[in-house]
1. Look at residue 27 and say whether it is touching a strand residue (DSSP E or B) at 6+ places or on another chain (Cβ under 9 Å), assigned to a helix (DSSP H, G or I) and modelled with pLDDT of 95 or more.
2. Within the stretch 49-70, track down each residue that is farther than 22 Å from residue 91 by Cβ, touching a residue at least 12 places away in the same chain (Cβ under 8 Å), exposed (fewer than 15 other Cβ atoms within 10 Å of the Cβ) and within 13 Å of the chain's Cα centre (by Cα).
3. Please determine, by comparing only the residues of the stretch 145-155 that are surrounded by fewer than 17 Cβ atoms within 10 Å (Cβ to Cβ) and either at positive phi or not in a helix (DSSP H, G or I) (or both), which one is nearest to ligand 2 (Cβ to nearest atom).
4. If I ask for residues that are in contact with a helix residue (DSSP H, G or I) (Cβ under 6 Å, 6 or more places away or on another chain) and in a helix (DSSP H, G or I), which ones from the stretch 75-93 would you list?
5. Quickly run through the stretch 98-126 and pick out the residues that are surrounded by 13 or more Cβ atoms within 10 Å (Cβ to Cβ) and either within 25 Å of residue 58 (Cβ to Cβ) or more than 10 Å from ligand 2 (Cβ to nearest atom) (or both).
Ligand code: CTP
Ligand code: ZN
């Protein structure tokens, strides 16, 4: 059965629906995924709609593109309860929860000014996930900790 919130944006024919994003974080999810809108896909964003599970949530629908778990899992940094629905011919054919990878290689930089990753060396930032809830990441190079707020500041 369709709830009122689901009627705000129509069903898609083919593509990916990212559901159960914490309210207000849809744009941050798109940023992590590097989706700017200039790729040409139809992208629908629904923000702050009511959800059975979360109170309020955001939803992102990307038409004509099936996102792979490897590309999507890093959104668990800000949307740990998101579900990824692959839609083909209007049917959800695959539904997966996101799982945070044990290491994060891109998207974040180390806030420690003395870190080798900030020294104009060709070193790619790399973080270990020490704890998922509360979120805590640790720089591979200098041991600096990043918490949820530090991550949000960068996205
Ligand atoms: N959806 C869509 N287009 C489709 C099919 C589904 O946009 N052709 C969206 C739905 O609106 C919903 C999400 O994909 O936001 C998941 O769909 P579905 O599994 O049918 O909904 P629920 O059973 O409510 O999902 P969950 O149990 O994960 O909450
Ligand atoms: Zn560092």
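1. yes
2. None; the set is empty.
3. 145
4. 75, 77
5. If the condition is that a residue be surrounded by 13 or more Cβ atoms within 10 Å (Cβ to Cβ) and either within 25 Å of residue 58 (Cβ to Cβ) or more than 10 Å from ligand 2 (Cβ to nearest atom) (or both), then 98, 100, 101, 104, 107, 108 are the ones that fit.
The values are calculated or read from the model by the stated rules, or taken from the named source; none is laboratory data. Small disclaimer: the values here were computed from a predicted structure and weren't measured. Here the Cβ is made from the backbone with ideal geometry for all residues, glycine too, and neighbour counts use every protein chain on show.
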